[in-house]
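Participant: First the structure, then my questions, so here it is.
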Amino acid sequence: MSTDTQYLTAEKFAELEKELNFLKTERRKEVAEHLEYAKRLGDLSENAEYHQAREEQAEVEDRIARLETLLKNAQIVKHEGHGIVTIGATVRIEKKGDNKSLLLTIVGSEEADMTRGKISNMSPLGAALLGHKMGDKVYVPTPNGKAEYLIAAIK
C-alpha cells in the first residue's frame, strides 16, 4: 500500500474507521476461534480447515494493515465551492457531440465508484477537471483520440 496522501470525505473516513474497529475486535476473535477449532481436528499438514483458517487470518491482518496505513495517510477533503474544481467538488459536464450531461463528484481513489457518479482524482477525466472553472473546456485522452468536455456547473 502506498504511503502517499489519500483523499477521503469525512463519511468515508468514518466508514473505514468503523471497519477497522470491527476487524480488530470482532473479526480477529472469530478467526482465532476458527483457527483453534481447526487445530483440534488433528494432523495440520492435511487439515484443509486449518489451512483455510490460516488464509482467513492472513486476509484479515492484511486488511487491518492496509486500513491503518490508509487512515494514517488520509486527508479529509471538503469542497469549499470557490468556483474551481477540487477534490470533493460535484461537477456537471457535457461531452462534445453528446446531448446528455454527466454529474460527477471528484473523490480520492479509495472512494471512486462510477456507478455512484464518483470518479477518482487520479483518473484521466478527474485529473483533467481539477483546477478548472465553469465554462472551461477540458480534453481527456482516450483510445479513440481526445474527448472534449465542457464544465457546465460546479457545486
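Participant: Select from segment 87-101 the residues that are surrounded by 15 or more Cβ atoms within 10 Å (Cβ to Cβ) and either more than 16 Å from Asp136 (Cα to Cα) or touching a helix residue (DSSP H, G or I) at 6+ places or on another chain (Cβ under 9 Å) (or both) and list them in ascending order.
Facilitator: Hits for segment 87-101 are Ile87, Gly88, Ala89, Val91, Ile93.
Participant: Taking segment 1-34 as the region of interest, how many residues are closer than 14 Å to Glu68 by Cβ, part of a helix (DSSP H, G or I) and small (Gly, Ala, Ser)?
Facilitator: Looking only at that region, the number is 0.
Participant: Return a yes/no flag: does segment 74-81 have any residue that is surrounded by fewer than 18 Cβ atoms within 10 Å (Cβ to Cβ), free of Cβ contacts under 8 Å to residues at least 40 places away in the same chain and among the charged types (D, E, K, R).
Facilitator: Yes: one or more hits.
Participant: Inside segment 1-59, can you point out the residues that are in contact with a strand residue (DSSP E or B) (Cβ under 7 Å, 6 or more places away or on another chain) and loosely packed, with under 13 Cβ neighbours inside 10 Å?
Facilitator: If the condition is that a residue be in contact with a strand residue (DSSP E or B) (Cβ under 7 Å, 6 or more places away or on another chain) and loosely packed, with under 13 Cβ neighbours inside 10 Å, then Thr5, Ala10 are the ones that fit.
Participant: Is it fair to say Ile84 is in contact with a helix residue (DSSP H, G or I) (Cβ under 9 Å, 6 or more places away or on another chain) and under 29 Å from Glu11 (Cβ atoms)?
Facilitator: Judged against the criteria, Ile84 is not a match.
Participant: For segment 54-73, does any single residue satisfy the condition of being within 27 Å of Lys155 (Cα to Cα) and either assigned by TED's automatic domain parsing to the domain that holds Ala147 or not in a helix (DSSP H, G or I) (or both)?
Facilitator: yes
Participant: Here are Thr115, Thr105, Thr142: which of them is of a type in the set (Val, Ile, Thr), loosely packed, with under 14 Cβ neighbours inside 10 Å and under 18 Å from the mean Cα position of the chain (by Cα)?
Facilitator: When all the criteria are applied, what remains is Thr115.
The values are calculated or read from the model by the stated rules, or taken from the named source; none is laboratory data. All values reported here derive from a predicted model rather than from experimental measurement. We place every Cβ from the backbone using ideal geometry, glycine too, and count neighbours over all the protein chains shown.
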